[in-house]
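Take a look at the structure below.
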Amino acid sequence: MGLGSKIKRLVGTDFVDDVQQQIKDVMDQGLDKHIKIAVTGLSRSGKTVFITSLTHHLLHAHQNKSLPFFSAAGDHRIISVKNISDQSPHPFPLKDAVSALSQEPPQWPPSTTGLSEVRLAIKYKPGNRLKRLVTDSATLYLDIIDYPGEWLLDLPLLNHNFEQWCDKQRELFALEPRASLAQSWLKAQESFDWLAPADTSRIDELSREYTALLHLFRQQPYALSLLQPGRCILPGDMAGDPLLTLFPIIPAVDKSDVPPDSAYALLQQRYTLYREQVVKRFYREHFSRFDRQVVLVDCLKALNNGKPCFDDMKLALTDILQSFNYGSSGFLRRLFSPRIDKVLFASSKADHVTANQHHNLDKFLELIIQDAQRDMRFEEIDTACLAVASIRSTESAQAKLDGQQISCLRGYDKSTGEVVALFPGEVPVELPTDNDWNSSRFQFVDFAPKKLPSSDLRPEHHIRLDQALEYLTGDLF
Ligand SMILES: Nc1nc2c(ncn2[C@@H]2O[C@H](COP(=O)(O)OP(=O)(O)O)[C@@H](O)[C@H]2O)c(=O)[nH]1
Ligand SMILES: [Mg+2]
């Protein structure tokens, strides 16, 4: 009987097989690992602030104070974290973002207008006993990219040709508030002969009106999310590019014989070029290889702005999430890119509500992402919902109302800078009724940030960022 078999008899087959597998894993994978996390979210959902705060807390994690539920930090196993973002062609402007948040009075970092990347090298003592036999320390390389949320809405275009995109947009433009706001543009489209030779000056005019409509839909009080193409709103380095003279054709057009010089053919060509040259490149370079994903959702924005905003946000998120590479579907996709195996849905800005509402916020988030989450569960992807605040900007306070003690929040109003103390109200755990939507019941105010210190970081500077980190990376340390 060989030694392996003798040990198996003594301690049990499962245990030995498990240990053998672990040793094989350590040998196969080596100890240093590389992980890419996609931070996904619509524009203004809190991506830049999340990346800034997470990076800032991680860079101080060796002091082991502000991330108690991130076990590598909580167990004193982080040796040192180095920011190596300057190795990237587009380093994330961490210094600027942190100095905005730590100046007097602190400011939120400016909106993102381009692409940038954070790269961290995290040196740690392995938690796994077998790994510790091999080495005292290992390094986890963590990459996160930041980009404007507007561009994310382009990813679903990869799944549609021009005709399919127009069909989808036709459905959207039949709904309010789009239908009323776009009335004159829709009328102009009705009277246009799409199969006649292209009159480029009229097409340019319709395109300018379309871009203006996208900007209008995005503003308060509509706050819509499903706005495509993303570069029409935020062109980045494509400002003035003729490819952006692009819009969907809403009336049904007989496509049995489309002349190649027609207006229809011209817009179809532009759409195809935009998809091939802009969207595909963006996807290939930045989104095709990810290991894990955070989906940030600003649930309170949906509650503040009413049902059309809620419905549109849900549609946009479901569409976007279908563009990622989850689970086993597609043999070739699995061969060429590692699958995303964990997705954290995070309800951002949880400091806008009192602590007793965080659980409700988790539940409400599930309502928005339930379709996407169902698809992921089917593919056996690990998912979780968590309410977080990257920069906790409020304090809890108690007040008495009609003799009853109620929980309030105190912070600085974002627009006036004045101290406000308020009862922010309750987050529903079911879909609000039409009455609730119409009653202006939900009015969560925006707060100015609390100062982000550069030393002595503490858990109260955020809400559950450590739990988010533990979920996303805990098993790798
Ligand atoms: N109170 C609070 N507000 C936040 C937090 N994170 C983001 N915000 C607000 O949301 C805005 C947009 O955040 P940003 O990260 O730029 O969004 P992005 O467009 O997804 O990158 C900020 O300017 C803040 O007003 C947070 O943790 N707490
Ligand atoms: Mg941003």
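Quick one: with all protein chains in place, what share of the accessible area of region 21-149 is carbon or sulfur, to the nearest percent (1.4 Å probe)?
After summing per-atom areas, the C and S share lands at 52 percent.
Calculate what fraction, in whole %, of the accessible area of region 163-250 sits on carbon and sulfur atoms when a 1.4 Å probe is rolled over the protein chains. Let's see the in-between values first.
On the way: 2140 of 4150 Å².
Roughly 52 percent of what the probe reaches on region 163-250 is carbon or sulfur.
Compare the peptides 378-385, 180-187, 444-451 by average per-residue count of other Cβ atoms within 10 angstrom and give them in order, highest first.
Sorting 378-385, 180-187, 444-451 by mean packing, highest first, produces 444-451, 378-385, 180-187.
Would you mind getting the accessible area per residue of the chain, heavy atoms of the protein chains only, 1.4 Å probe, in Å²?
It amounts to 48 Å² per residue over the chain.
Residue by residue through region 238-254, which ³J(HN,Hα) values in whole Hz follow from phi under the Karplus form 6.51 cos²θ - 1.76 cosθ + 1.60 (θ = phi - 60°), with glycine and proline marked x?
3J(HN,Hα) across region 238-254, in whole Hz: 9, 3, x, 5, x, 4, 7, 7, 9, 7, x, 8, 7, x, 5, 10, 6.
What lysines could a cross-link reach from residue 36, if we take a straight Cα to Cα line under 18 Å and drop same-chain neighbours fewer than 8 places away?
47, 82, 123, 342
Count the net charge of all other residues whose Cβ sits under 14 Å from the Cβ of residue 407, scoring Lys and Arg as +1 and Asp and Glu as -1. Show your work: numbers first, answer last.
Details: positive: 400, 410; negative: 351, 395, 426.
It works out to a net charge of -1.
State, to one decimal in nm², a quarter of the convex hull surface area for the C-alpha atoms of the chain, i.e. the direction-averaged projected area. Could you put the intermediate results ahead of the total?
Working: hull surface 115.1 nm².
Here the figure is 28.8 nm², rounded to one decimal.
Taking Cα atoms, how many degrees apart are the long axis of helix 307-321 and the longest axis of the chain, rounded to 10 and kept between 0 and 90?
60 degrees
In whole angstrom, how long is each semi-axis of the equivalent ellipsoid of region 336-416, when you take the square root of 5 times every eigenvalue of its Cα gyration tensor and sort them from largest down?
Values: eigenvalues 239, 45, 16 Å².
Taking √(5λ) for each eigenvalue gives 35, 15, 9 Å, largest first.
Let me have the 222 nm mean residue ellipticity of the chain computed from DSSP H runs of 4+ only, each contributing -39500 (n - 2.57), with the sum over all residues rounded to the nearest 500.
Theoretical 222 nm ellipticity from helices: -11000 deg cm²/dmol.
Just want to confirm a number: the relative contact order over region 152-231, from Cα pairs under 8 angstrom separated by 6+ residues, in percent. Please report the intermediate quantities before stating the final value.
Values: 27 pairs, mean separation 36.5, N = 80.
Answer for region 152-231 is 46 percent.
Probe radius 1.4 Å, ligands and nucleic acids ignored: give me the carbon and sulfur share of the accessible area of region 255-411 as a rounded percent.
48 percent
Could you work out the relative contact order of the chain, using alpha carbon pairs under 8 angstrom and six or more residues apart, expressed as a whole percent?
Once divided by the residue count of the chain, the mean separation gives 19 percent.
Roughly speaking, what is the centre-to-centre gap between region 338-401 and region 255-276 when only Cα atoms are used, to the nearest Å?
Each part's Cα centre sits 42 Å from the other's.
In nm², what is the average projected area of the convex hull enclosing the Cα atoms of region 112-239?
12.6 nm²
Report, ordered by chain and residue number, the aspartates and glutamates lying within cross-link reach of residue 131, taken as a straight Cα distance under 15 Å and ignoring same-chain residues fewer than 8 apart.
Within the straight-line cut-off, residue 131 pairs with 18, 25, 28, 32, 475.
Give the peptides 85-95, 282-292 in descending order of average Cβ contacts within 10 Å, highest first.
Values: 85-95: 14.8, 282-292: 16.9.
Going from most to least packed, we get 282-292, 85-95.
The values are calculated or read from the model by the stated rules, or taken from the named source; none is laboratory data. Since the model is a prediction, treat every value here as computed from it, not as a measurement. Using ideal geometry, Cβ is built from the backbone for each residue, glycine included, and neighbour counts are taken over all protein chains shown. To get the accessible areas, we keep the full protein, side chains included, count just its heavy atoms, and leave off ligands, DNA and RNA. Shrake-Rupley method; radii C 1.70, N 1.55, O 1.52, S 1.80 Å.
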